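Report on the structure given below.
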Amino acid sequence: MDKKSKKFLFDYLNNASPTGFESSGQQIWLDYIKPYTSDYMVDVYGTAVGIVNPKGNYKVVIEAHADEISWFVNYITDDGYIYVRRNGGSDHQIAPSMRVNIHTEKGTVKGIFGWPAIHVRDAGKEEAPSLKNIFIDVGAASKKEVDEMGIHVGTVITFEADLMELNKNYLTGRALDNRMGGFMIAEVARRIHENKKKLPFCLYIVNAVQEEIGLRGAEMISRRLKPDLAICTDVTHDTQSPMYNKKESGNLKCGAGPVLCYGPAVQNNVLKMIIQTAEKRKLAFQRQAVSRSTGTDTDSFAYSAEGVASALISLPLKYMHTTVETVHKDDVEGVINLIYEVLLQVKPGHDFRYIK
């Protein structure tokens, strides 16, 4: 990772992009990717698309999602405490003692998730954190003071937890799910441009919004683009750290390579092409099986319109939906390499149907 990539990564990951409020992050992403594309588009809800070779008739998508889990202000007490509700799959159990950024029209307001001191809690009857009892303190003494800060019901909140390097091999922070995906597909576009590869098809580099509340951005953009092929990237669980069950979640490890997914939404001939490419280029990969859906934007592309040949290349990640999401740098490079090499194998007009 060179200095330019690293600066983009840290700028992009440290910026807040809550579900439904992704525009500032999308601007950072677009500013980085524009030199490596012919054109771009942004839809009405904020999904951003870089376009390479727009005149190509065969249409290929590489895709990640831009949004992060967050909180909404739900209720403000008379004495200035704030109760919240989820925006996506935010984890109430990790909230106590966390610092937060409250994103108002006047600017960012700092706050904290307070919690009673251990001294005053009854060890035998301790109440677990839940949406009923977690609260935010912004240093206000009244609801009026909170109002004057620009905070109101519906104001969005993110944890304060910037990206950092962990030892020499790992990256740790909030929202690696899945802005790390946005970084990786942007790097694929950069690599194609800098290596002067002329793609014989139209490539859409798609950074979709609103994945965390039901794959909504991908659903919208897939109907608009109507691609012939979609290769999505998201994160999946590393199962090596304590408290994970390999019998339930599979045996996946950070540092062992990208994860290729088997499941009904994954088109098997696309998956075979990816595996053959990895084997030919001697690129490490792991395998994962899912039940019913992948739970990623792959599902929205696969089942859009008349159906799109789709596959999922996942990045192993520790501690999903926390402020210490952690990935291995080798896996990040591995996903970039694999998507890049797969794109070089794609031929216009490729018919992925099982029966012809």
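The values are calculated or read from the model by the stated rules, or taken from the named source; none is laboratory data. Just so it is clear, the structure is predicted and the values come from calculations on it, not from any experiment. Neighbour counts run over all protein chains shown; Cβ positions are idealised from the backbone, glycine included.
Only one of the numbered conditions (1) among the polar types (S, T, N, Q); (2) within 17 Å of Val327 (Cβ to Cβ); (3) out of contact with any Leu (no Cβ under 9 Å at 6 or more places or on another chain) is not met by Thr239, and that is (3). Within the stretch 152-196, the set of residues being aliphatic (A, V, I, L, M) and free of Cβ contacts under 8 Å to residues at least 60 places away in the same chain comprises just one member, Met164.
Of all residues in the stretch 1-55, those satisfying the criterion of being assigned to a helix (DSSP H, G or I), free of Cβ contacts under 8 Å to residues at least 12 places away in the same chain and not charged (D, E, K, R) are Ser24, Gln27. For Ser291, the criteria (1) modelled with pLDDT of 95 or more; (2) more than 23 Å from Gly349 (Cβ to Cβ) hold in every case but one, which is (1).
Screening the stretch 64-99 for residues that are buried (at least 22 other Cβ atoms within 10 Å of the Cβ) and in contact with an Asp or Glu (Cβ under 6 Å, 6 or more places away or on another chain) and picking the one that is nearest to Tyr340 (Cα to Cα) gives His65.
For the stretch 293-321, residues that are out of contact with any Cys (no Cβ under 8 Å at 6 or more places or on another chain) and in a loop (DSSP other than H, G, I, E, B) total 11. Comparison of Thr236, Thr277 shows that the only residue that is in contact (Cβ under 8 Å) with a residue 60 or more places away in the chain, of a type outside the set (Phe, Trp, Tyr) and in a helix (DSSP H, G or I) is Thr277.
The single residue among Val290, Val324 that is in the same structural domain as Met184 (by TED's automatic domain parsing), surrounded by fewer than 18 Cβ atoms within 10 Å (Cβ to Cβ) and either touching a Cys at 6+ places or on another chain (Cβ under 6 Å) or β-branched (Val, Ile, Thr) (or both) turns out to be Val324. Taking the listed residues Lys34, Lys4, Lys59, the one that is charged (D, E, K, R), touching a Pro at 6+ places or on another chain (Cβ under 9 Å) and modelled with pLDDT of 95 or more is Lys59, with no other qualifying.
Selection within the stretch 242-271: residues that are of a type in the set (S, T, N, Q) and either more than 21 Å from the chain's Cα centre (by Cα) or in a strand (DSSP E or B) (or both). The member of this set that is farthest from Phe301 (Cα to Cα) is Asn245. A search for C-beta distances below 7 Å between a residue of the stretch 305-320 that is among the aromatic types (Phe, Trp, Tyr) and any residue that is assigned to a strand (DSSP E or B), counting only pairs 6+ apart in sequence or on different chains, returns Tyr319/Glu325; Tyr319/Thr326.
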